[in-house]
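Computed from the coordinates by the stated procedures, all read-outs in this text should not be read as laboratory data. Source: prediction; values computed, not measured. Counting neighbours? That spans all protein chains shown, and the Cβs are built from the backbone with ideal geometry, glycine included.
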Amino acid sequence: MDTNQYVEVFLDESRDHLQAVNDHLLKLEKQPQEMSLVAEIFRSAHTLKGMAATMGYEEIASLTHKMENVLDLIRNNELQVTTEVIDVTFEAVEALEEMVASIAEGGDGKKDVSHLLAHLQKIETGETVAEESSENNQSQTTEMELDDYQSTVISQAKEQGYQAYNITIRLTADCMLKAARVFMVFEGLEEFGEVIQSVPAAEELEEEKFDQEFTVLLLSKHNETAIQERLHKVSELESVNISVLADLDNSASPSPNETESKESKQQDEKIEKEDNTAAETKQTTAPTQEKKPSTSKTIRVNIERIDSMMNLFEEMVIDRGRLEDLSKQLGNHELIETVEHMSRVSQDMQSMMLTMRMVPIEQVFNRFPRMVRGLAKDLEKDLELHISGADTELDRTVIDEIGDPLVHLIRNSIDHGIESPEKRKQQGKPVKGTLQLRAFHSGNHVMIEMEDDGAGINREKVIEKAIANGILSEDRAEKLSDEDVYDLILTSGFSTADKVSDISGRGVGLDVVRNKIESLGGHIFVESEPGHGSKFSIQLPLTLSILSTLLVTVSDETYAIPLSSIEETVALTNDQIMNVQQKPVMDFRGKVIPIVSLADVFEVPQEERTEKTDISVVVVKKGEKMTGLIVDSFIGQKEVVLKSLGNYLKDVYAISGATILGDGHVSLIIDPNALIK
Amino acid sequence: MAKILVTDDAAFMRMQLKDILGKLGHEVVGEAENGQDAIEKYAELQPDLVTMDITMPELDGVEALKAIKQKDAGATVIMCSAMGQQDRVVEAIQAGAKDFIVKPFTPDRIEEALNKVL
């Protein structure tokens, strides 16, 4: 069967399920008694198995099958949740993820999982009650041997008009749940009379200890054809042979009572077992039902479609701006009203579209618990990861990109930050280190903070290293504030690890992290307290493409300054500008901040500068630092679409992009962060 | 041609079943993604046949089967199961399921099952 068309759905759902397994495993590790978690993991593994088998990914199917077997034992209280079980299951999930990833990349999803299979098998058989595989000595004969008791039963029945039938049933070779199939056969036969014996015995049939064929002895008043027809309704039967049992010779084997009692005992056991399993499954499903939140209806939409819709919308925003301008020029009231209404509607549309692209950062955070767990084991460190604000939403583009930098930072913290348990003990810290990962909204930004309670950043060491690596001169080192020093570790060509481990410090410094975050329009700050830990804060824009800006003019040129970095606009008189070390500064709410003239920065051609009494200044901020930007005048607030300058104009100083204004002119968007020193 | 309600929590499985059933000349009148959904859709659509996955969230297939059977004793339900669910399959048969098919299923096997129960 052609399965290509399903691959995408298969991949999507597989990833969801693997993630679910992952989450639940982590929880299970903390609460090994929580059977509802086992049930959830089981369900995911089970669904995966079914899908993989249908798609023909045998390795995935066999691995999930083994996982399922182990989980089933746990679920039935035949196996305890141990670290070994969790570890192996994690390994298995990792292998599954690799296989799914390989399929996503067009591979065949094959991977050698034999050691995992063997390990799971060992768990499955090793610690449980030894399976009765040794009893595999059942006879393959389909000969019916009747004992005295049965002979008597048969002859009595015959007197009452019953017929004894010898029915041999052969299942198809690919029949899988043989016991259930046998059950259906028995159920069918019991409509006609009584099955008094079977070969192999009922118990063996139930445990599937037979090949394809089994024989039963049925007492019935019905004729052969009726029985034949009834059995024909059962699927997966290759053949059904019914013969009337010939007259009995009473030379059967002895000890009838024993057999009889054994049989009835078996029956009892069987019923009891069924009751148990039914009760158990009810127990395990009940809590999950309560917990399961009602899922809202969703559809999956290809991200490309949303992206192209966004692009189209951006075009519309430009036209909207133009329409607004035109309608104002024309001054027709009805036109203005219509355009204003359209603006409002399109603003709502815009926010809808943005929320559509928003995904919880959970997606990124989700993989960290396992990673941290693995790293801690590898590096022999003892720590706990606390995650908060995982439901904070961010633009999809940012989510896709932010994972790697965060991984880098986390590795860095665990490798360099958190001390070894012995060392922590010596220093009187809790032996278990903590790593906190927080995400939250802050104005037009999303903040991600990563804080550890490790050794913190050693100022002296950083300076030493920076000088050795030639990024810092000795005389400048003295003047640097702590903050500047910490910033150094984000500079390229820097690595403080004493020895290179394969976790971090592979020569790829944290500068990669900074570059990535800045390319996303975000910023990273480092704070640290030696001996008490360090904190990395990442500030990210909510969205990338549509910005709220303040339009300002400098001479004849119009510039856009992102509202998110504007603190305030002020008007100064000439005498309020002071000079410190030949640099102009101003007093802003009791703080002295530097000011720069945009006309100077961008070398805007100026006509003879007329001495103005009022100077317009936009105060922009980056973290704690602020700078005043001198402009000629303010125009007003405007939503603009950020367009990159393209590859020809890369890295233009203090410009993050351009936009097309309503009047058709192009305006440059200022990157204020570059102007803040 | 029979009207069929397909129940499975995996959209992937539903798509596949739908495809196979369609090729066999049947009409899939509805899809349910869990047991509760199946019960509601059964009442609404009154299909000739229901395919019912066993392991599902909210309400599993066996419980859903029981609920459907309670309301409509004549309901024709075929269970879909994966390996290793013998006990649940047996429970389902006892509760009145007409047949079961084991994943991964082949069009042939589905055709056989349909022919037997319809």
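The figures follow:
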read-out: Separation between Cα centres of the stretch B:76-118 and the stretch A:390-459, rounded to whole Å; value: 51
read-out: Beta bridges per DSSP with both ends in the stretch A:546-676, % antiparallel, nearest 5; value: 90
read-out: Extension gain, residue A:326 back to residue A:152 (0.36 nm per residue minus Cα-Cα distance, nm); value: 52.0 nm
read-out: Cross-link table A:49/A:111; A:377/A:423; A:30/B:103, entries beyond 27 Å C-alpha to C-alpha; value: A:30/B:103
read-out: Averaged over A:176-186, number of beta-carbon atoms from partner chains that fall within 10 Å; value: 6
read-out: Sites residue A:479 and residue A:674 - FRET efficiency at Förster radius 25 Å, r taken between beta-carbons, to 0.05; value: 0.70
read-out: Two-site label geometry, residue A:303 and residue A:16: point separation in nm, points 7 Å out along Cα→Cβ; value: 1.7
read-out: Per-residue Cβ neighbour rank within 10 angstrom, fewest leading, A:670, A:103; value: A:103, A:670
read-out: Net charge dipole size for chain B [Lys, Arg +1 and Asp, Glu -1 on Cβ; Debye, nearest 20]; value: 300
read-out: 10 Å binning of all Cα-Cα separations within the stretch A:375-487, expressed as whole percents from 0 upward; value: 12, 32, 31, 22, 2
read-out: Cα shape, the stretch A:623-677, gyration tensor, a/c 1.5 rule; value: oblate
read-out: Members of A:66/A:233; A:178/B:98; A:461/A:621; A:110/A:178 lying beyond 23 Å, as alpha-carbon distances in this model show; value: A:66/A:233; A:461/A:621; A:110/A:178
read-out: Rg followed by Dmax, in Å, when the stretch A:145-250 is reduced to its Cα trace; value: 13.5, 41
read-out: Where N is the number of residues in the stretch A:565-673, Cα Rg divided by 2.2 N^0.38 Å; value: 1.16
read-out: Inter-chain Cβ neighbour average for residues A:66-74, partner chain, 10 Å; value: 1
read-out: Order by protection proxy (mean Cβ within 10 Å, highest first), peptides A:29-35, A:236-242, A:471-477; value: A:236-242, A:29-35, A:471-477
read-out: Neighbour-count ranking [beta-carbon atoms within 10 angstrom, fewest first] of A:593, A:489; value: A:593, A:489
read-out: Tail beyond 40 Å, pair distance distribution of the protein assembly as shown (Cα, percent); value: 54
read-out: Cα lying deepest toward the dipole's positive end in the protein assembly as shown, options A:154, A:437, A:550, charges on Cβ; value: A:550
read-out: Which of A:203, A:304 has the fewest Cβ neighbours within 10 Å, and the rest in rising order; value: A:304, A:203
read-out: The stretch B:7-118 shape via C-alpha gyration tensor axes, a/c threshold 1.5; value: rounded
read-out: For the stretch B:1-51: rounded, prolate or oblate by the Cα gyration tensor [a/c cutoff 1.5]; value: oblate
read-out: Stokes-Einstein D (µm²/s) once Rh is taken as the Kirkwood radius of the stretch A:315-359 over alpha-carbon pairs, at 20 °C in 1.002 mPa s; value: 191
read-out: Above-threshold pairs, the threshold being 21 Å between Cα atoms, out of A:591/A:638; B:3/B:69; A:381/A:535; value: A:591/A:638
read-out: Cα-Cα separations in the stretch A:350-438 greater than 17 Å, expressed as whole percent; value: 53
read-out: Extension gain from residue A:422 to residue A:571, taking 0.36 nm per residue of separation minus the Cα-Cα distance; value: 47.7 nm
read-out: Difference of contour (0.36 nm per residue) and Cα-Cα distance, residue A:212 to residue A:384; value: 56.5 nm
